Each structure stands twice: as C-alpha cells, then as structure tokens.
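Engineer: Take this structure, written in structure tokens, and hold onto it; I'll ask about it next.
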Amino acid sequence: MARSKQPAPPTATVATTFPSAEAVDIAQLVEDLDGMLSRLRLGAIREQLDGLLEEAARRQLNLREALAWLCAAEVASKEQRRLSMAMTIAHFPFVRTLEGFEFEAQPSIDPGKIRDLATCRWVANGDNVVLLGPPGVGKTHLEVALGREAVARGYTVQFTTAMELLGSLVKGQQQGTLEVRLAQYSKPKLLIIDELGYLPLEPQAGHLFFQLISRRYEQGSVLISSNRPVEEWDEVFGDQVVAAAILDRLLHHSHVVTIRGDSYRLREKRRSGLFRPQAGGSSSSGIGGTPPPTPAKEA
Ligand code: ADP
Ligand code: MG
C-alpha cells in the first residue's frame, strides 16, 4: 500500500517579485527602493546610494562584494551615530583623549597602568578607579579620556561632579524623589564622579553617597577623582563611620592612581616666567599639598 504523502516541511519563504527586464520602470524602482530602505532603516545606504553604487561599479565589485560594501557603510554610519549620541548622554565637560595626555609632564603616572585601564576590562568587571592628586594634574582629563574609551566600547557612561551628584540626592531626599535619583545614577555602567573634596558637603551627603555606592557595588563601575587622600575622606564627609563604609565598598575591587606633581596649567606659566618655580624645583608634592604658586617679581 502506498504510504500517504508527507506534508512538505514549512519553509520561510519571502514573497519576492522580480520584474522582467523589459517591464522595469526605473523611476518606480528607484522610488520603491527608497521606500524599502527607509522602512528597513538603512538611512546611510538610502542617502548615499548613487555614490555607493557608482563606487562599487568603479571598483568592479561583484554582487556579494557590493552588498557587503553597502552594509559596511550602513554599519559605520550607525556606529557613528551611536557614538555621538552616547557621548552627548555622558555629559563630558570637554573633549580630552589619552593621545592628548602628555605622560612626560606627569612622571608619577605609569603610562602602562593608564593604557591598561583604557582597555576597560575594569568596567566589564564592575571595578572602580580612584584618581587622587592635587589640582591641575590631569585628573579630569584622564576621567574624560577613560570615559570616552568606555563609550567607544559600548558601555553607558555618565559624567557628573560630586557637588552636582550630592546636590541632586539631597534635593531628592527633601522632595521625596530620592529613589528615582538613586535609580538614575545607578543605571550607567560607568559613573564618573569628578572633584570630590573640593567643596564642603551637606551633613547628610555622606549617607546619601553611601546609599549610591552600595547600590552600584559590584554592579557598575565608579571612576572618582579627589584632591584629598582617602585618609581625609572622613573630614570630607564629616562622618568617620560613613566614610569608612563608603571606602570599604569603593576600594574593594579598585585601582587607585595617585598623581603627585605640579599643576599642568601652571607649568606653562612657570615656563613663561609668570611664576617662580616651587622650592626644590618641580619635585612631587603630596595630595592637596601643592603650595600656591609664588608670583614672580616684576623684571
Ligand atoms: P585636575 O582635574 O587634576 O584639576 P585637569 O584634568 O582639569 O586637572 O587639567 C587641567 C588642564 O590641563 C586640562 O585642560 C587638561 O587637559 C590639561 N592637562 C593636565 N595634565 C595634562 C597632561 N599631562 N597632558 C596634557 N594636558 C594636561
Ligand atoms: Mg578636575
């Protein structure tokens, strides 16, 4: 007995109609293609189609090569848009890069350590980085440069100052929106907190900061800079117990970079003779211990 015919396995067929060569209406084809590219959100291909096709023809690419060429243009354009949007969202105060950092000007920094941090493995692991040093030695520059590296690798980054962050949390507490604000600052994979210790904090700031650091602990990375050594953070937060609890979490999986040296800003001025060199030449100074520059006598 003949076995009953098995039904054909389902196939994912796409309804495609190819017009015969004679029937092609070029104007209609161009319009349809434009619409399809829009619908598929292939904006770069759509906008540059004529140029890309001409270039593909000039290079005598076969169909597969031409398709890869078009896709590469779309991917590059999408990546560029993602980058510029992520940079905007990160709120960096200025553009600084690692290429623009003169390591010779700051010998206390190990370039290998910074280049290693630039790989962003620490961000992938949820580790923290603490940058310590007196004003003008390049802490914010390095924060922005490392932040940009993290954005380039696809991580969400937010840059803020300690004052802005803590001001926002204090306000949140007063207005009953603390939870929303803590959640907002917990979201980015890397939170950069600039300039802790420069200005006095509100009494409850330490406790609020502790709440944020606890939330981010082992989840997302914190890159924080301060002009005060960690031993002085109990003074910064005005509470020894809170400062110890913050440091316990912050330093558990962390890389600490201590910069000792002169302000880069004042270097140029010293060179031009506007300021006298510090006593003992440009030897390194402790954190926060850079004496104010001495104005040079009028010649
Ligand atoms: P800090 O945050 O430690 O106070 P900044 O990062 O704001 O210092 O540095 C002050 C200025 O000097 C910035 O414009 C920064 O780009 C520049 N700068 C500091 N150190 C260097 C360096 N080693 N190479 C190049 N520029 C530097
Ligand atoms: Mg700074």
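Engineer: Residues that are at pLDDT 85 or above, within 30 Å of Gln219 (Cα to Cα) and β-branched (Val, Ile, Thr): which helices (runs of 4 or more DSSP H) entirely in segment 233-299 hold 3 or more of them?
Structural biologist: 240-252
Engineer: Let me ask something additional. Here are the criteria: (1) farther than 25 Å from Val236 by Cα; (2) touching a helix residue (DSSP H, G or I) at 6+ places or on another chain (Cβ under 7 Å); (3) away from ligand 1 (no atom under 12 Å from the Cβ). Tell me which single one Phe101 does not satisfy.
Structural biologist: Result: Phe101 fails condition (3) only.
Engineer: Moving to a separate point now. With surrounded by 12 or more Cβ atoms within 10 Å (Cβ to Cβ), under 30 Å from Leu132 (Cα atoms) and touching a residue at least 24 places away in the same chain (Cβ under 8 Å) as the only criterion, which of Ile89, Ile45 stands out?
Structural biologist: Ile89
Engineer: Considering only segment 215-246, state which residues are open to solvent by 10 Å² or more (accessible area, probe 1.4 Å) and under 13 Å from Asp127 (Cα atoms).
Structural biologist: If the condition is that a residue be open to solvent by 10 Å² or more (accessible area, probe 1.4 Å) and under 13 Å from Asp127 (Cα atoms), then Tyr217, Glu218, Gln219 are the ones that fit.
Engineer: Related question: Could you say which residue among Asp25, Asp34 is over 24 Å from Val151 (Cβ atoms) and at pLDDT 95 or above?
Structural biologist: Going through Asp25, Asp34 in turn, the sole match is Asp34.
Engineer: Restrict the check to segment 145-163 and report whether at least one residue is farther than 16 Å from Ser186 by Cα, under 9 Å from the mean Cα position of the chain (by Cα), surrounded by 20 or more Cβ atoms within 10 Å (Cβ to Cβ) and among the β-branched types (Val, Ile, Thr).
Structural biologist: Within segment 145-163, one or more residues are farther than 16 Å from Ser186 by Cα, under 9 Å from the mean Cα position of the chain (by Cα), surrounded by 20 or more Cβ atoms within 10 Å (Cβ to Cβ) and among the β-branched types (Val, Ile, Thr).
Engineer: Are any residues in segment 99-118 open to solvent by less than 20 Å² (accessible area, probe 1.4 Å) and under 20 Å from Ser254 (Cβ atoms), and if so, which ones?
Structural biologist: Ile109, Ile114, Leu117, Ala118
Engineer: Return the residue satisfying two criteria in turn: it lies in segment 119-143 and is polar (S, T, N, Q) and crowded, with 21+ Cβ neighbours inside 10 Å, and of such residues it is farthest from ligand 2 (Cβ to nearest atom).
Structural biologist: Of the residues in segment 119-143, the ones polar (S, T, N, Q) are 119, 125, 128, 140.
Next, only the ones that are crowded, with 21+ Cβ neighbours inside 10 Å stay: 128, 140.
Numbers: Asn128: 18, Thr140: 3 Å.
Per the stated criteria, the residue is Asn128.
Engineer: Kindly check whether there is at least one residue in segment 84-101 that is within 14 Å of ligand 2 (Cβ to nearest atom), in a loop (DSSP other than H, G, I, E, B), at pLDDT 95 or above and over 20 Å from Ser263 (Cβ atoms).
Structural biologist: Of segment 84-101, the ones within 14 Å of ligand 2 (Cβ to nearest atom) are 92-94, 96, 101.
After this cut, where a residue has to be in a loop (DSSP other than H, G, I, E, B) as well, the list is 92-94, 96, 101.
Now restrict to residues that are at pLDDT 95 or above: 92-94, 96, 101.
Narrowing the set further to residues that are over 20 Å from Ser263 (Cβ atoms) leaves 92.
Yes, some residue in segment 84-101 is within 14 Å of ligand 2 (Cβ to nearest atom), in a loop (DSSP other than H, G, I, E, B), at pLDDT 95 or above and over 20 Å from Ser263 (Cβ atoms).
Engineer: Being in contact with a Pro (Cβ under 6 Å, 6 or more places away or on another chain) and either small (Gly, Ala, Ser) or more than 12 Å from ligand 1 (Cβ to nearest atom) (or both) narrows it down to one of Gln175, Gln158, so name that one.
Structural biologist: Result of the check over Gln175, Gln158: Gln158.
Engineer: In this structure, is Ala73 at pLDDT 95 or above, farther than 24 Å from Ser221 by Cα and open to solvent by less than 60 Å² (accessible area, probe 1.4 Å)?
Structural biologist: In short, yes.
The values are calculated or read from the model by the stated rules, or taken from the named source; none is laboratory data. Computed from a prediction, not measured in an experiment: that's the story for all the values here. Positions of Cβ are backbone-derived with ideal geometry, glycine not excepted, and every protein chain shown enters the neighbour counts. Ligands, DNA and RNA are excluded from the accessible area calculation, which covers all protein heavy atoms including side chains. Shrake-Rupley method; radii C 1.70, N 1.55, O 1.52, S 1.80 Å.
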